[in-house]
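The values are calculated or read from the model by the stated rules, or taken from the named source; none is laboratory data. Quick caveat, the model's predicted, so the values are computed rather than measured. A quick note on method: Cβ atoms are made from the backbone with ideal geometry, for glycine too, and the neighbour counts reach across all protein chains shown. Each accessible area value is taken on the protein alone, full model and side chains, heavy atoms only, with ligands, DNA and RNA left out. Shrake-Rupley method; radii C 1.70, N 1.55, O 1.52, S 1.80 Å.
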Amino acid sequence: MFNSLSDRLALTFKNLKRKGTVTESDLNATIRDIRMALLDADVALPVVKEFTGAVRERGLGAEVHQALNPAQQIVKIVNEELVSILGGQTRRITLAKTPPTVIMLAGLQGSGKTTFAGKLGRWLADQGHTPLLVAADLQRPNAVTQLEVVGQRAGVAVFAPERGNVFGHDAALESGEGTRSFGDPVDVAVDGVEDARRKGHDVVIIDTAGRLAVDVNLMRQAHDIRLETNAHEVLFVIDAMIGQAAVETAKAFADGVGITGSVLTKLDGDARGGAALSVATVTGQPIMFASTGEGVKDIELFHPDRMASRILDMGDVLTLIEQA
Amino acid sequence: ARSNTAMGHVLLALLSREGLSESDWEDVEDTLLASDLGVEATTELVNALRTQVKIEGTTDPEVVRSWLRTDLLRLVDPTMDRRIAASRTENHPAVILVVGVNGTGKTTSVGKLGRVLVAEDKDILFGAADTFRAAAADQLSTWGERVGVPTVRSQLEGADPASVAYEAVKAGIDLESDVVIIDTAGRLHTKRGLMDELGKIKRVVEKLAPVGEVLLVLDATTGQNGMRQAEEFAKEVAITGIVLTKLDGTAKGGIVVNVQRKLGVPVKLIGLGEGPDDLAPFDPEAFVDAIVGRAS
Ligand SMILES: Nc1nc2c(ncn2[C@@H]2O[C@H](COP(=O)(O)OP(=O)(O)OP(=O)(O)O)[C@@H](O)[C@H]2O)c(=O)[nH]1
Ligand SMILES: Nc1nc2c(ncn2[C@@H]2O[C@H](COP(=O)(O)OP(=O)(O)OP(=O)(O)O)[C@@H](O)[C@H]2O)c(=O)[nH]1
Ligand SMILES: [Mg+2]
Ligand SMILES: [Mg+2]
């Protein structure tokens, strides 16, 4: 398929002479390469445009650093911009002054919320907290059982007053409804916080059902969970393999539910993870965690610089610049 | 629907001008890129369209749209055989193996496919060969109860998935079932050990009966990584079809165009929701219309 960005840029570099400032044609050639690389890495189109626009503005007429040629200068700008968007507001989970701190997880179907609930619980427990996982997904078949098993594997308590969608409850439905809860997720969430308060858990992690950006009812339900529990953190959990849908999805959750940060999952694969840039740009909220496997310990704090080089192959590119 | 209007907009703008401006072409390109078609396929399609517009000298938006639609439809190839192999042969049931990366909708698709086949009066068995993910077998059994299909599972957590699959097919043979559908654990295509395990599941099952259908479940929201997934799964277990899930959202699933043309593996089914009836045959025309907009 395509050469990597490093290969492409190496070619572009060769064709450019050393000059004092970056000219428009230098910029155009390099920005074309970068645009392609960003698209290959699944950065969403509107974000690619915004990003290359910012790079163009900064790059045009910029003074060229002694040791660099114009293209390299642009790459340096690109890298700085990437890291600044990805890591603009890195921060940790904010703990409430009066416990329990309520953390709600939300996202598309299958993004990794339930698995992450266990990881975050374990991670907090390892730091001396006493988290409680709350099973508020009452619609995916056996989501409650899944969270119970996850809690057990993580060694974290689980609050699960409802069984949710089990035993083919809806087998008789001719309509074959899918997104239907068996019990009230909002009630479960609220009761979960109350239970934590009573039993002295200092953090509550609420697992919610997966929902689509276009599902107005379910978005409202998530919004209600947030309001009724006074959630301190709403973490948007998103799959690193997602493509162009990232922008619309992130926007829908940011507007419809309100989010305070994001979690990027399945980073143990080979997806370039351009979604990180899309999500950070669109929500303006920090990406807080990286989820890197199926085990309860596969959780890391998010590293903007690593992500930047992953998206654009920047490791190689920056080495190229150093060799210049 | 969004790309629909975006596209209509672009092409209508054509009428008022002599030709397409660069920014009009960029809009056409954006429509394709936004569907996850990828840079390569998009560039090819747009270049071909530009040439054609130049040669024929048209400014009629409907004509240009129909050309793009035709080109894209050719890539999607309506002539491919998209039937599911689901009939008993000789003395064994048809075996369908369902594979894919984590969370794409494998278990759900097994459930829905069971429902479709039950409606065709077939005797179906599910095999719960995901012995790894928390409560995966419970999830599949619940689906079985939902659609009226028994599930063969191991009582042991962490049992050998190949032996569960073997037991399921063996039961299918004993019970003279028509079809055994085997659900497997999600696994990233980059994980050698897990891919080997999948190969083993298939080999072990084939000691009893041929695996006539290996369905790769791809999430429509997946971007360019979907191609890598398809390549690796094709190498390991020779996939015979794609199930494209979550098309009820905003994603168009354009990556399957590349998968089809590079690997020759057709999309056979699409997932349109979380309910038992939310599975449909793949319709190339509808798929293309969702990307370039329907002719008005
Ligand atoms: N490789 C890998 N797999 C992951 C990761 N996070 C989650 N998974 C897997 O992805 C699949 C889906 O994870 P879940 O936690 O069930 O996702 P969810 O968002 O709760 O799904 P729904 O509740 O159905 O919306 C499971 O197979 C998990 O084991 C990760 O970081 N890496
Ligand atoms: N909206 C929508 N959701 C779907 C569709 N197919 C599956 N889902 C949902 O996606 C989530 C994951 O589905 P599963 O069937 O558990 O996925 P899986 O591939 O078996 O996951 P693992 O076994 O963990 O790898 C669940 O919440 C499903 O309800 C679909 O076509 N549309
Ligand atoms: Mg879940
Ligand atoms: Mg599954």
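For chain B, with only Lys/Arg (+1) and Asp/Glu (-1) charged at the beta-carbon, what is the dipole magnitude about the Cα centre, in debye rounded to 20? Kindly include the intermediate steps, with their values, before the conclusion.
Details: 33 positive and 45 negative charges, 105 e Å.
Magnitude of the dipole: close to 500 debye.
Counting only heavy atoms of the protein chains, get the accessible area per residue of region B:80-124 (1.4 Å probe) and round it to a whole Å² value.
40
Considering only protein heavy atoms, what per residue accessible area in square angstrom results for region B:211-271 with a 1.4 angstrom probe?
Counting only protein heavy atoms, the per-residue value for region B:211-271 is 22 Å².
At what distance in nm do the modelled label points of A:Glu300 and A:Ala125 sit from each other, each positioned 7 Å from its Cα along Cα→Cβ?
A separation of 2.4 nm, rounded to one decimal place.
Mind checking which of B:Gly114, A:Ala222, A:Ala62 is farthest towards the positive end of the protein assembly as shown's charge dipole, using Cβ charges of +1 (Lys, Arg) and -1 (Asp, Glu) about the Cα centre?
Of the listed residues, the answer is A:Ala62.
How high is the FRET efficiency from B:Asn91 to A:Arg163, r the C-beta distance, R0 35 Å, rounded to 0.05?
0.30
Name the residues whose placed amide hydrogens come within less than 5 Å of the amide hydrogen of A:Gly210, ignoring near sequence neighbours (fewer than 5 apart) on the same chain.
A:Gly110
With +1 assigned to the C-beta of every Lys and Arg and -1 to the C-beta of every Asp and Glu, and no other charges, what is the dipole magnitude of the protein assembly as shown about the Cα centre in debye, to the nearest 20?
So the magnitude is around 1240 debye.
Quickly estimate the mean residue ellipticity at 222 nm for chain A, helices only: each DSSP H run with n ≥ 4 gives -39500 (n - 2.57), and the total goes over all residues, rounded to 500.
-15000 deg cm²/dmol
Farthest toward the dipole's positive end in the protein assembly as shown, which of B:Pro93, A:Val22, A:Gln146, given Cβ charges of +1 (Lys, Arg) and -1 (Asp, Glu) about the Cα centre?
Checking the options against the dipole of the protein assembly as shown, the answer is A:Val22.
According to the square roots a ≥ b ≥ c of the eigenvalues of the Cα gyration tensor, what is the shape class of region B:218-276, taking rounded for a/c under 1.5, prolate for a/b larger than b/c otherwise, and oblate for the remainder?
Prolate shape, in that a/c is at least 1.5 and a/b is the bigger ratio.
Going by average Cβ density within 10 Å per residue, which order do the peptides B:55-67, B:234-246, B:200-212, A:111-123 take, highest to lowest? Write out the running numbers ahead of the final one.
Working: B:55-67: 14.8, B:234-246: 22.7, B:200-212: 17.5, A:111-123: 26.6.
Those peptides, ordered most packed to least, come out A:111-123, B:234-246, B:200-212, B:55-67.
Which value at 222 nm does chain B reach when only helices count, each DSSP H run of 4 or more adding -39,500 (n - 2.57), with the total divided by all residues and rounded to the nearest 500 deg cm²/dmol?
That calculation yields -15500 deg cm²/dmol at 222 nm.
Could you derive backbone 3J(HN,Hα) for region B:168-179 from the dihedral phi with the Karplus parameters 6.51, -1.76 and 1.60 (θ = phi - 60°), listing whole Hz in sequence and x where the residue is Gly or Pro?
Karplus values, whole Hz, x for Gly and Pro: 5, 5, 4, 4, x, 5, 4, 8, 6, 5, 7, 9.
A:Glu80 to A:Lys251: FRET efficiency via 1/(1 + (r/R0)^6), r the Cβ-Cβ distance, R0 35 Å, to the nearest 0.05?
For R0 = 35 Å, the calculated efficiency reads 0.85.
Where nothing but the Cβ of Lys and Arg (+1) and of Asp and Glu (-1) is charged, how large is the charge dipole of region B:16-73 around its Cα centre, in debye to the nearest 20?
Here region B:16-73 has a charge dipole of around 220 debye.
Summing both sides, how much accessible area is buried between A and B? Use a 1.4 Å probe and give Å² to the nearest 100.
4100
Near the amide H of B:Val267, under 5 Å away, which other amide H atoms are found, from residues 5 or more places off or on another chain, if H is placed in the peptide plane?
So B:Val267 has HN proximity to B:Ile242.
Pop a pseudo-label 7 angstrom from the Cα along the beta-carbon direction at both B:Asp81 and B:Glu22 and give the gap in nm to one decimal.
It is 4.9 nm.
Report, in whole Å, the centroid distance computed from the Cα atoms of region A:256-317 and region B:146-187.
Here the answer is 36 Å between Cα centres.
Under the rule a/c < 1.5 gives rounded, and otherwise a/b versus b/c splits prolate from oblate, where does chain A land using the Cα gyration tensor?
On the way: a/c = 2.69, a/b = 2.20, b/c = 1.23.
Prolate is the answer for chain A, as a/c is 1.5 or above and a/b outweighs b/c.
Tell me which of A:Val234, A:Ile205, A:Ala189 sits at the most positive position along the dipole axis of region A:184-246, charges placed on C-beta atoms (Lys, Arg +1; Asp, Glu -1).
A:Val234
How much length is gained on full extension from B:Thr59 to B:Ala171, taking 0.36 nm per residue of separation minus their Cα-Cα distance?
34.0 nm
Find the eigenvalues of the gyration tensor of the Cα atoms of the protein assembly as shown, then list the square roots of 5 times those eigenvalues as equivalent ellipsoid semi-axes, largest first, in whole angstrom.
40, 32, 23
In terms of modelled amide H atoms, which long-range or inter-chain residues lie less than 5 Å from the amide H of B:Leu188?
The list, which skips near neighbours in sequence, is B:Asn102.
Taking θ as phi - 60°, what are the ³J(HN,Hα) couplings along region B:23-31 by the Karplus curve (6.51, -1.76, 1.60), each to the nearest whole Hz, with x for Gly and Pro?
Those phi angles translate into 6, 5, 4, 4, 5, 4, 4, 4, 4 Hz.
Which residue, B:Glu40, B:Glu231, B:Glu274, has the most motion in a Gaussian network model of chain B that connects Cα atoms within less than 10 Å?
B:Glu40
With a 1.4 Å probe and every protein chain left in place, work out the accessible area per residue of region A:40-171 in Å², rounded to a whole number.
38
What's the carbon and sulfur percent of the protein assembly as shown's accessible surface, probe 1.4 angstrom, rounded to a whole number?
50
With the cut-off at 23 Å, tell me which of the pairs B:Lys54/B:Lys262; A:Lys251/A:Lys297; A:Lys119/A:Lys199; A:Lys97/A:Lys199 have Cα atoms farther apart than that. Please report the intermediate quantities before stating the final value.
Working: B:Lys54/B:Lys262 29 Å; A:Lys251/A:Lys297 30 Å; A:Lys119/A:Lys199 21 Å; A:Lys97/A:Lys199 18 Å.
Long pairs (Cα-Cα over 23 Å): B:Lys54/B:Lys262; A:Lys251/A:Lys297.
Straight-line reach from B:Lys112: which lysines have a Cα under 16 Å away, not including same-chain ones fewer than 8 places off?
Cross-link targets: B:Lys122, B:Lys246, B:Lys268.
Which percent, to the nearest 5, of DSSP beta bridges fully inside the protein assembly as shown are antiparallel?
Rounded to the nearest five, the antiparallel share is 15 percent.
Only bridges whose two residues both fall in chain B count here: according to DSSP, what percent of them are antiparallel, nearest 5?
Counting only bridges with both partners in chain B, antiparallel ones make up about 15 percent.
Using the basic label-point model (7 angstrom from Cα toward the beta carbon), what is the A:Arg92 to B:Ala238 distance in nanometres?
Roughly 5.5 nm, to one decimal.
With a ≥ b ≥ c taken as the square roots of the eigenvalues of the C-alpha gyration tensor of chain B, please select rounded if a/c is under 1.5 and otherwise prolate if a/b is larger than b/c or oblate if it is not?
Details: a/c = 2.63, a/b = 2.38, b/c = 1.10.
Note, shape of chain B comes out prolate.
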